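Worksheet: one structure, shown below.
The values are calculated or read from the model by the stated rules, or taken from the named source; none is laboratory data. On a predicted model such as this, the values are computed, not experimentally measured, just so you know. With ideal geometry, Cβ positions are generated from the backbone for all residues, glycine too; neighbour counts draw on all protein chains shown.
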Protein chains: 2
Amino acid sequence: MFHEESIHAVPHHHGGVYGRLRTAYYCNVQAHDYYPDDYSKSRRSALGAVKELPLADVYRLLEPGPVVLLTTCHKGRANVMTMSWHTMVEFTPPLVACVVSRADYSFAALRATRECVIAVPAAELALKVVKIGNCSGREVDKFETAGSTPLPSECIASPLIAECFANLECRVVETRLVNKYDLFVLEVLKAWRDPLQRNPKTIHHRGNGIFVVDGETIRLKSRMP
Amino acid sequence: MFHEESIHAVPHHHGGVYGRLRTAYYCNVQAHDYYPDDYSKSRRSALGAVKELPLADVYRLLEPGPVVLLTTCHKGRANVMTMSWHTMVEFTPPLVACVVSRADYSFAALRATRECVIAVPAAELALKVVKIGNCSGREVDKFETAGSTPLPSECIASPLIAECFANLECRVVETRLVNKYDLFVLEVLKAWRDPLQRNPKTIHHRGNGIFVVDGETIRLKSRMP
């Protein structure tokens, strides 16, 4: 699926949760471009901050409807888009339905590679999120444009985003509604959480650049999972 | 689809937006049970407060991922459930994908009648929303249990909910993913908005009775619709 020249093995100079990183499976997101001076230090610290999240907890991230980022990697080139049209479909294994419009540059990558990462940004990243939404991977390197840091995934080629508090490695498992609705069903294979971002507030898109930031949290006696 | 005996024509003693109410299409939600003393007054005031919302604006309600209520009407009996697993699929006509589990009593009604209302509650209704989620239409009349007020829809039999700030009359347009994923695609036929609820804050479910209430609104220079 990827050009041989673009496969960029990421050295294992970190321990921890990415121990089983499949380097051969990791396509070149030109990480060195994004860590010009403190490459290894940044990567180590970013990687060290990521912990595996139980798959059964994934729905707690997506069910509230946050704006997310979706990364792909196609023909050795990583890309990222913003997305608000997604919903949980199943708890375990976590299944997610999402709409990636064929007008989006990411559509072809998602359809061809059948994999992506869903990254969940906290409100502090709102400006980056909008920057990512305002340009196209057809014209620019969106990671660079938005100042986002791609990190290797464990199971797939699409990169994680270091700044996001959660990252979900996904595989497309259902395409029957792609032709008519651009709707994909994904299975989350692996989920990561940054424990240093303790109570991240997410953002929710209301259209035309209006976003609502998470406010107070309430706890009610619900029997629903 | 409905027992003849259960069709309960609602008198047109109100003018305004529900003028073209198709009484023959409206099944009995036993409205008189919910307005024991001030039936006509309550209905008039509730109806008077509802205005049609342009279909092109529907995505602004659902895209942020609020907890919603879903009403159905099957064999003359109305029911309501809570739902968080939904996403926009298309702007116009507005299409919505949602997961209604076959474990939910509403599943059979939705599959058989191919119609429902999506009602969007503000945070003040959080306790009612949880009450609706904590019981089943198999055992109780959930409108009564939660103290919610059903109102006639214009195009379908499923009732609107008077207390909700928005109500969307929907028809099922896609069932290919129902058998495997309990996922329906709906088209919004008609949308209503209560203009008296000016800046409603919605709630977002994080699992196990934890809800996040909308906080501050931010406006960024986005090119996304």
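Quick notes
Here's the yes/no breakdown for (1) modelled with pLDDT of 50 or more; (2) within 10 Å of chain B (Cβ to nearest Cβ); (3) not in a strand (DSSP E or B):
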residue: A:A9; (1), (2), (3): no, no, yes
residue: A:H13; (1), (2), (3): no, no, yes
residue: A:A24; (1), (2), (3): no, no, yes
residue: A:V29; (1), (2), (3): no, no, yes
residue: A:H32; (1), (2), (3): no, no, yes
residue: A:L61; (1), (2), (3): yes, yes, yes
residue: A:T72; (1), (2), (3): yes, no, no
residue: A:V80; (1), (2), (3): yes, no, no
residue: A:T87; (1), (2), (3): yes, yes, no
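- Any hit, segment A:181-192, residues being touching a Ser or Thr at 6+ places or on another chain (Cβ under 7 Å) and closer than 15 Å to A:V96 by Cβ: yes
- Test: B:L160 is among the aliphatic types (A, V, I, L, M) and out of contact with any Cys (no Cβ under 8 Å at 6 or more places or on another chain): yes
- B:A123 being within 9 Å of chain A (Cβ to nearest Cβ) and surrounded by fewer than 23 Cβ atoms within 10 Å (Cβ to Cβ): yes
- Here A:C164 passes the criteria (1) over 16 Å from A:G65 (Cα atoms); (2) more than 11 Å from chain B (Cβ to nearest Cβ); (3) outside any strand (DSSP E or B) except the one numbered (1).
- Condition check for A:C116: at pLDDT below 95 and either under 14 Å from the mean Cα position of the chain (by Cα) or surrounded by fewer than 19 Cβ atoms within 10 Å (Cβ to Cβ) (or both): no
- From B:E216, B:E169, B:E187, residue being away from every other protein chain (no Cβ under 12 Å), acidic (D, E) and either buried (at least 24 other Cβ atoms within 10 Å of the Cβ) or in a strand (DSSP E or B) (or both): B:E169
- Members of segment A:92-104 found to be in contact (Cβ under 8 Å) with a residue 60 or more places away in the chain, surrounded by 16 or more Cβ atoms within 10 Å (Cβ to Cβ) and either more than 9 Å from chain B (Cβ to nearest Cβ) or assigned to a helix (DSSP H, G or I) (or both), listed by number: A:P94, A:V96, A:V100
- Residue match in segment A:105-113 (condition: more than 10 Å from chain B (Cβ to nearest Cβ), touching an Asp or Glu at 6+ places or on another chain (Cβ under 8 Å) and among the β-branched types (V, I, T)): no
- The residues of segment A:190-208 that are modelled with pLDDT under 95 and within 7 Å of chain B (Cβ to nearest Cβ) amount to a single one, A:N208.
- Checking each residue in segment A:190-200 for being crowded, with 19+ Cβ neighbours inside 10 Å and either part of a loop (DSSP other than H, G, I, E, B) or over 20 Å from the mean Cα position of the chain (by Cα) (or both) picks out A:D194, A:P200.
- Pairs with Cβ under 6 Å, 6+ apart, first in segment A:72-88 and within 16 Å of A:G207 (Cα to Cα) and among the β-branched types (V, I, T), second part of a strand (DSSP E or B) and at pLDDT below 95: none
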